[in-house]
Amino acid sequence: MITVRPGTGRDSAAIARLQALAPEAAQWPLGDYSGSSLLIALIGDTPAGFCSWRQTAADEAELLNLAVDPAFRRRGVGRALLAALETAASGTIFLEVAENNTPARVLYRSAGWEEVALRKGYYDHGKINGIVMKKGS
């Protein structure tokens, strides 16, 4: 069973581990998460994934990072994090994903996210385009 709860400072080691296990996720220094909200997905007592997000306006939020331990992929962890984000955030939620991150794009589309814009050369020093996606009105 997957449980999703708000993240706290006690989750720093788990977030660092999950991020390192998911090289396609943004590889931020842990301190960069201090200004955002965190959600942690657990399978039993084991952290299986996390997401970082922020409310950017009363009616708009942004998913900043999402990572799932490869050992727990394709078990609903990413989908559970997205569902919890939709409950926690207000209004339309936006994200950016690398164009070549097909598994993430498939997950987002299957969860009802829509591709709305292209940011040319957004990742990897101009080599990979970024896709802007949104969920909500």
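None of the figures in this text is laboratory data; all of them are computed from the coordinates on show. The model shown is predicted, which means the values in this text are computed figures rather than measured ones. Neighbour counts run over all protein chains shown; Cβ positions are idealised from the backbone, glycine included.
Taking the Cα centre of the chain as reference, the dipole from Cβ charges on Lys and Arg (+1) and Asp and Glu (-1) amounts to some 300 debye. Using the Cα centre of the chain as origin and beta-carbon charges of +1 (Lys, Arg) and -1 (Asp, Glu), tell me which of A57, Y122, A13 is placed farthest towards the positive end of the dipole. The Cα lying farthest towards the positive end belongs to A13.
I want to verify the translational diffusion coefficient of region 85-137 in µm²/s; compute it with Stokes-Einstein, Rh as the Kirkwood radius over Cα pairs, at 25 °C and 0.890 mPa s.
D = 213 µm²/s.
Each residue, T8 and T102, gets one label point 7 Å from its Cα in the Cβ direction; the gap between the two is 4.2 nm.
Between H125 and T87, the C-beta separation translates, for a Förster distance of 30 Å, into a calculated FRET efficiency of about 0.25.
Judged by the mean number of other Cβ atoms found within 10 Å, the most tightly packed of the peptides 40-53, 10-23, 62-75, 83-96 leads the ranking 40-53, 62-75, 83-96, 10-23. The aspartates and glutamates within cross-link reach of K120, meaning a Cα-to-Cα straight distance under 19 Å and a gap of 8 or more places when in the same chain, are E24, E96, E99. Of all DSSP beta bridges confined to region 51-114, the antiparallel ones make up roughly 65%.
With a Förster radius of 30 Å, plug the Cβ-Cβ distance of A57 and M1 into 1/(1 + (r/R0)^6) and report the FRET value to the nearest 0.05.
Values: r = 34 Å, r/R0 = 1.14.
The value I calculate is 0.30.
A Cα-only calculation for region 1-71 places Rg and Dmax at 11.8, 36 Å.
Shown here is the pair-distance distribution of region 42-137: with all Cα-Cα distances grouped in 10 Å bins from zero up to the longest one, the shares run 16, 47, 31, 6, 0 percent.
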